[in-house]
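Trainee: Can you read through this structure? Questions will come right after.
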Amino acid sequence: MTIPVLPDPQKIQKTVVELQEVCRQFDALNFTLDELIAHVDAEIQNSPLTIYHLRKSRETQSA
């Protein structure tokens, strides 16, 4: 019968710190992606082609 060996507490703490850093990096990446999506969305909304299609769609709906 084998007895389970508990990991070294220092190794556990090091792993926890590394995972926390990875989480912070993902949070920063998600924030950057959210900003990029908002910027692209604004560009699409201000696109002359989008404005044209929206006007045509409104004309079709009101007719």
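The values are calculated or read from the model by the stated rules, or taken from the named source; none is laboratory data. Only a predicted model underlies this, so the values are computations on that prediction, with no experimental measurement involved. Neighbour counts run over all protein chains shown; Cβ positions are idealised from the backbone, glycine included. These area figures cover heavy atoms from the full protein model, side chains too; ligands, DNA and RNA do not enter into them. Shrake-Rupley method; radii C 1.70, N 1.55, O 1.52, S 1.80 Å.
Trainee: Tell me the mean residue ellipticity at 222 nm calculated for the chain from its helices only (DSSP H runs of n ≥ 4, each -39500 (n - 2.57), averaged over every residue, nearest 500).
Mentor: Calculated from helices alone, the mean residue ellipticity at 222 nm is -29500 deg cm²/dmol.
Trainee: If every alpha-carbon in the chain counts as one equal scatterer, what log10 I(q)/I(0) does Debye give at q = 0.12, 0.14, 0.20, 0.25 1/Å?
Mentor: Debye output, listed in q order: -0.60, -0.68, -0.86, -0.99.
Trainee: What length, rounded to one decimal in nm, is gained on full extension from residue 51 through to residue 26, with 0.36 nm per residue of separation minus their alpha-carbon distance?
Mentor: Extra length available between residue 51 and residue 26 comes to 5.5 nm.
Trainee: Still on this structure, please answer the following. If you fit an axis through the alpha-carbon atoms of helix 48-62 and take the longest principal axis of the Cα set of the chain, what angle between them do you get, 0 to 90°, nearest 10?
Mentor: 60 degrees
Trainee: Below 14 angstrom from the Cβ of residue 35, what's the summed charge of the other residues (Lys, Arg +1; Asp, Glu -1)?
Mentor: That sum, taken over residues with Cβ under 14 Å, equals -4.
Trainee: Given a 1.4 Å probe and every protein chain left where it sits, what share in percent of the accessible area of the chain is carbon and sulfur?
Mentor: 63 percent
Trainee: Same structure, new question: Enter the angle in degrees (range 0 to 90, nearest 10) between the Cα long axis of helix 9-45 and the first principal axis of the Cα atoms of the chain, meaning the one along which they spread out most.
Mentor: That helix lies at roughly 0 degrees to the long axis.
Trainee: What GluC sites (Glu not before Pro) in the chain are in a loop by DSSP, with at most 12 other Cβ atoms within 10 Å of the Cβ?
Mentor: Qualifying residues, ordered by number: none.
Trainee: Suppose each label sits 7 Å from its Cα in the direction of the beta carbon; what would the residue 17-residue 5 distance come out to in nanometres?
Mentor: 2.3 nm
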